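Report on the structure given below.
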Amino acid sequence: KSRLSCSTPSSLNTFPKSFFPNYGTLIHMITSALYSLQSPISGSFTRKKFEGGMGCIRVLNEIVRDIDDLLSAVDHSLRKSDPRWVAIQKIKTIGPCYMAASGLDPVTEEQTRQGNHEHIVYLMDFCFKILETIKQFNRHTFGTQFLMKIGFNYGPVTDGIIGQNKVLYDIWGDTVNLSSRMMSTGVNDRIQLPADCVPFLIDHFKLPKRGKISVKGKGEMITHFCTARKPADQIRANLEARAAREMNSADT
């Protein structure tokens, strides 16, 4: 196990509330409900050539703040601007990449253990909201059109707080790595996910198969794109059919 600790009280508001009871202790937690996305933002300028890099930093900061605003609290009760985003946490930015995860809090993790995967659907909704946010940013930015591609994945992770100075809350594991691969092998303005995620999303979204692609560390994998939400009446029918199948399965 790694020593995951925090000894800087002033940084407590940086970390999820679920870690407060574990403050300063060994933490090696595995959650069975994590869905991470990483989104590289690219444009028609390079970091060095655009005002010596400062222009790039300013623009990226504006974009990241626009995304952060989607997860901002609307009041001191920590309610999110959209109730669907309540289980979603920003993890970090890595250069022009934005990483977020859902299902890390104890309440949502327990719901997932009991078979409620609703927050996976909401995280996918959040992915589409991010793409919409980038398009809005482009409409108000002269001369530069930014592109984004999103990698999405589901599975167990390790999360915790590392270090004593400049402490950082982070997540690790194959789930996170594969989400990064889904991003790096993805297509601009598309959300790519591995086939294992399809059963959790197929009732709500259109998920055309991309086919086999070469993924570093994995070999060839079948992946899908998530292109749109299905109509509400179709979602309702899909959920009713799923409930009927589960009931019949329980009876037998």
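Neighbours of ILE150, meaning other residues whose beta-carbon lies under 13 angstrom from its beta-carbon, give a summed charge of +1 when Lys and Arg score +1 and Asp and Glu score -1. From most to least packed by mean Cβ count within 10 Å, the peptides 60-70, 194-204 give 194-204, 60-70. For GLY217, the shell of other residues with beta-carbons less than 13 Å away shows a net charge of +1, using +1 for Lys and Arg and -1 for Asp and Glu.
Among the lysines of segment 148-252, pairs at least eight places apart or on separate chains and with Cα atoms under 27 Å apart come to 12. The Cα center of segment 102-165 and the Cα center of segment 208-251 differ in position by 18 Å. Counted over all Cα-Cα pairs of segment 113-247, pairs farther apart than 18 Å make up 63 percent.
Rg then Dmax, both in Å and based on the Cα atoms of segment 121-160: 14.0, 42.
Quick note: the coordinates plus some simple rules give every number you see, no bench work behind them. Because the structure is predicted, anything quoted here is derived from the model rather than measured. Note that each Cβ is placed from the backbone with ideal geometry, even for glycine, and that neighbours are counted across all protein chains shown.
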